1. Please state which of the following conditions E209 fails to meet, knowing it meets all the rest: (1) among the acidic types (D, E); (2) surrounded by fewer than 16 Cβ atoms within 10 Å (Cβ to Cβ); (3) at pLDDT 95 or above.
2. Return the residue satisfying two criteria in turn: it lies in the stretch 70-118 and is in a loop (DSSP other than H, G, I, E, B) and in contact with a helix residue (DSSP H, G or I) (Cβ under 6 Å, 6 or more places away or on another chain), and of such residues it is farthest from V151 (Cα to Cα).
3. Pairs, please: C-beta under 6 Å, at least 6 apart or cross-chain, first residue farther than 10 Å from A220 by Cα and in the stretch 174-190, second in a helix (DSSP H, G or I) and among the aliphatic types (A, V, I, L, M)?
4. Residues of the stretch 75-89 being open to solvent by less than 30 Å² (accessible area, probe 1.4 Å), farther than 15 Å from L109 by Cα and within 11 Å of the chain's Cα centre (by Cα), which ones?
5. Identify, from the list G91, G79, the residue that is touching a Ser or Thr at 6+ places or on another chain (Cβ under 6 Å) and either modelled with pLDDT of 95 or more or over 22 Å from R179 (Cα atoms) (or both).
6. Which residues, counting only those in the stretch 42-60, are open to solvent by 10 Å² or more (accessible area, probe 1.4 Å) and either in a helix (DSSP H, G or I) or polar (S, T, N, Q) (or both)?
7. For T31, all conditions in the list (1) among the polar types (S, T, N, Q); (2) at pLDDT below 95; (3) loosely packed, with under 15 Cβ neighbours inside 10 Å hold save one; what is the number of the exception?
8. Going through the stretch 71-87 one residue at a time, which ones are of a type outside the set (A, V, I, L, M, F, W, C) and touching a residue at least 12 places away in the same chain (Cβ under 8 Å)?
Amino acid sequence: MTGGAREDDAGTGDGSDDDVATGDEREADGTNAAETVAWPVALSGVTETVVTTLGPNDRWNAAALGVFAGDPVTARTWGNTRTRRNFHRRGEGFVQFVDDPVTFTDAALSIHEVDEPVLESASAWVRVAVSPIDSGSEDGTEWETWTLEPVETAVVAERVPTIDRGFSAVVEATVAASRLGVEGYDDAHLRDRLEYCASVVERAGGPRERTALERVREHAEW
C-alpha cells in the first residue's frame, strides 16, 4: 500500500509531527466559532466520509475518515498520518460526503492532494473544528480520538438515493487493503476478503465501481 490514507484503521504513519497551532491562531482562522452549526445530514453509526486538511505545502490532503455519530460527533486517526498532523497544526478540516467510489478509493489508499478544500464530487461538506480527547495504542499503532464541531456547512447537490452493493464492496475493499501488512491482521484472510469484494463488484457494480476496484489493486499491490 502506497499511502495508508484511511484514518479509521491501523497504519504505519508517514513522518513526524510539525508545530501545533495555538488557541489564538485557531480563533484567527475562525475555528472557535461560538454559534451552533448543525450537520447537513442526520448521522448514525459510522459514516464513511472523505476529509481534507491543509498541509504545510499549502495543498489539501484528502483521506477517508469514519465519522462516529454522537454528541459530540467524533473520529479516530490511526498512526502518524497527514490528517493527524494537519489536525494538530490547523485545528480544523473539511468533512465531505461523497458517493463516487473512485474519489473514495484514492482518498482511502493513496496520498491524494488537491488545490481546493472541497472536492468536486462532494454532495455536501462541513468545515469542522477538531480537538483531541483521547489517545492510545493498539497492536503497536498509536491512535487518537477527536471531536468534530461543525463551523460551516453546505449542501452542494441533492440526489435520489440508490443502493449499490458494488459501492459497499469497494468501501470494504479499502478497509481490507489498508490493513495488509499491518501487525495484528492476517494477510491471507484479508486477501480472501478482497477477492470476495471483487466478486461483488463484478456482479453488482457499475463502471465507476470497477475502476475503483482497479485503483484498490494499484494502491495496495494486491
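1. Going through (1) among the acidic types (D, E); (2) surrounded by fewer than 16 Cβ atoms within 10 Å (Cβ to Cβ); (3) at pLDDT 95 or above one by one, E209 breaks only (2).
2. This residue is S110.
3. L190/A176
4. The one that is open to solvent by less than 30 Å² (accessible area, probe 1.4 Å), farther than 15 Å from L109 by Cα and within 11 Å of the chain's Cα centre (by Cα): A75.
5. Only one candidate passes the filter, namely G91.
6. Within the stretch 42-60, S44, T47, N57 meet the criteria.
7. Failed condition: (3).
8. Hits for the stretch 71-87 are P72, T74, R76, T77, G79, N80, T81, R82, T83, R84, R85, N86.
The values are calculated or read from the model by the stated rules, or taken from the named source; none is laboratory data. Small disclaimer: the values here were computed from a predicted structure and weren't measured. Methodologically, a virtual Cβ is constructed for each residue, glycine included, from the backbone with ideal geometry; neighbour enumeration extends over all protein chains shown. Note: accessible area is taken over every heavy atom of the protein model, side chains too, but ligands, DNA and RNA are not part of it. Shrake-Rupley method; radii C 1.70, N 1.55, O 1.52, S 1.80 Å.
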